[in-house]
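Everything on this sheet refers to the single structure shown next.
Each reported figure results from applying straightforward, stated rules to the coordinates on display, with no laboratory input. For clarity, every value in this text was computed on a predicted model and none was experimentally measured. Here the Cβ is made from the backbone with ideal geometry for all residues, glycine too, and neighbour counts use every protein chain on show.
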């Protein structure tokens, strides 16, 4: 192989590695968002009783 074809091959390999790394990071981010959506309550009032158990009613007004 000539030097130019080796250089192009090396650059395309680096490009694929960067693309794979970006896809992996995007996959991790999407997993974290999915888990957060899955475990977050749909209604914050669901956790109001927990707040009131340990705090005053005034402290729990954010719910």
Segment residue 58-residue 24, length gained on full extension (0.36 nm per residue, minus Cα span): 7.8 nm
Taking 22 Å as R0, compute the FRET efficiency from the Cβ-Cβ separation of residue 38 and residue 16 and round it to 0.05. 0.10
